1. Which shape class applies to region 94-179: rounded if a/c is under 1.5, otherwise prolate when a/b exceeds b/c and oblate if not, where a ≥ b ≥ c are the square roots of the Cα gyration tensor eigenvalues?
2. For L31 paired with N163, estimate the spin-label separation in nm (one decimal), with each label point 7 Å from Cα along the Cα-to-Cβ line.
3. For region 1-49 and region 158-221, what is the separation of their C-alpha centers, rounded to whole Å?
4. So what's the net charge close to Q78: Lys and Arg +1, Asp and Glu -1, counting the other residues with Cβ under 10 Å from its Cβ?
5. Which pairs, out of K47/K79; K92/K113; K129/K152; K9/K92; K20/K220, put more than 29 Å between their alpha-carbon atoms?
6. Put L10, L32 in order of accessible area, largest first, 1.4 Å probe: what do you get?
7. Can you tell me which of T34, T109, T173 moves the most in a GNM of the chain? Springs connect C-alpha atoms under 10 Å apart.
8. How big is D for the chain, in µm² s⁻¹ as a whole number, if Stokes-Einstein is applied with the Kirkwood radius of its Cα pairs at 10 °C and 1.306 mPa s?
Amino acid sequence: MIGNSWDEKLKTIWESEGFKDFLNMIDHEYLLNTVYPPRNYIFNALKLTPYENVKVVIMGQDPYHGEGEAHGLSFSVQKGIKVPPSLQNIYKELYDDLGVPIRQDGDLTPWAKEGVLLLNAVLTVEKDKPASHRNYGWEKLTDYIIKVINQKEEPVVFILWGNFAKEKKALITNPIHYVITSPHPSPFSARNGFFGSRPFSKCNNFLVSKGLTPIDWGRKD
């Protein structure tokens, strides 16, 4: 399915009849409707950030529903696409927090390569219909992924922005991990506590305190 260590970690899921039936249903959705991200990008977050590389998890809700935007990473859009307002606010907070220059593109692939798992709770969406695939069944898989990461013996930082992401905190029971929460970076809530929350420096300070390499949030490749 993925082609890296996630296949072994998720083997129970991949081989279950229920998940195979679910994937057949999703494939049918791609045949009937315009669905994002492109079919081969659905598991991009797992492909770009193998299990052993995961240092940070940033939870999103579901993919962007506009044409050409989603590519399988939470909050990220493909190169050449206008940077969405929430990501603009993330970049602004990153600049205010760590002085990282604000990027002109919204492709967060470099973060994924740094060990940041950019995981949406729901991995597909119908064009122009936000949350249209919520409760289809993706949540069972992504909650399982969080539980698997929770079992890691090396500390992981979970960054949960907004009430939806904060609900996932109940799955993070291992005391070695660090959970950062704040309001969502969307224009509707960013000024209610997201701005000034300094999640990036908090994350790196924690990683360094545990003897781990901090995230290069300004990485460009």
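The values are calculated or read from the model by the stated rules, or taken from the named source; none is laboratory data. Computed from a prediction, not measured in an experiment: that's the story for all the values here. Every residue, glycine among them, receives a Cβ derived from its backbone with ideal geometry; neighbour counts consider all protein chains shown. Accessible surface areas use protein heavy atoms only, side chains included; no ligands, DNA or RNA. Shrake-Rupley method; radii C 1.70, N 1.55, O 1.52, S 1.80 Å.
1. oblate
2. Each label point lies 7 Å from its Cα, and together they span 3.9 nm.
3. 26
4. In short, -2.
5. Cα-Cα > 29 Å for K129/K152; K9/K92; K20/K220; rest within.
6. The most accessible residue leads, giving L32, L10.
7. Ranking T34, T109, T173 by mean-square fluctuation puts T173 first.
8. Working: Rh = 17.7 Å.
It diffuses with D of about 90 µm²/s by this estimate.
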